[in-house]
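Colleague: Dropping a structure here in structure tokens format, bear with me for questions.
The values are calculated or read from the model by the stated rules, or taken from the named source; none is laboratory data. Please read these numbers as outputs of a predicted model, since none were measured by experiment. Glycine gets a Cβ as well: all are built from the backbone with ideal geometry, and neighbour counts include every protein chain shown. Note: accessible area is taken over every heavy atom of the protein model, side chains too, but ligands, DNA and RNA are not part of it. Shrake-Rupley method; radii C 1.70, N 1.55, O 1.52, S 1.80 Å.
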Amino acid sequence: CLDWEGKVHEFDSRWRTEDCNDCSCSKTGIGCCTSYMTPVGYDKEKCESIFNKDTCSYKVVEKDDHSKECPVHSGVL
């Protein structure tokens, strides 16, 4: 399989992109999806979500104090 960056991947291989997508190669082509959950169920007035590209995950913290995490009730892939 040839990905959009011009890299060749063997059939039945899996990899994670720099943008935190999990991809796989099969004889029918390449398939990719996000490797992280996007938080949606939290207090957006008081809190904000911050994406960490190193861990491929979001952290939801208070806007005024990033050391305080906010509860998250739901997320989407």
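Colleague: Inspect all residues belonging to the range 25-40 and state whether any of them is open to solvent by 100 Å² or more (accessible area, probe 1.4 Å), part of a strand (DSSP E or B) and touching a strand residue (DSSP E or B) at 6+ places or on another chain (Cβ under 7 Å).
Modeller: No, the range 25-40 contains no residue that is open to solvent by 100 Å² or more (accessible area, probe 1.4 Å), part of a strand (DSSP E or B) and touching a strand residue (DSSP E or B) at 6+ places or on another chain (Cβ under 7 Å).
Colleague: Residues V60, V72: which one is of a type in the set (A, V, I, L, M), open to solvent by less than 100 Å² (accessible area, probe 1.4 Å) and outside any strand (DSSP E or B)?
Modeller: Working: V60 fails: outside any strand (DSSP E or B).
After ruling out the rest, the residue left standing is V72.
Colleague: Okay, next question. Specify the residue that is least open to solvent (accessible area, probe 1.4 Å); the eligible residues are those in the range 41-57 that are farther than 29 Å from W4 by Cα and outside any loop (DSSP other than H, G, I, E, B).
Modeller: In the first step, residues of the range 41-57 are kept if they are farther than 29 Å from W4 by Cα; the result is 41-48.
Now restrict to residues that are outside any loop (DSSP other than H, G, I, E, B): 47-48.
On the way: C47: 6, E48: 62 Å².
Filtering the range 41-57 for residues that are farther than 29 Å from W4 by Cα and outside any loop (DSSP other than H, G, I, E, B), the one least open to solvent (accessible area, probe 1.4 Å) comes out as C47.
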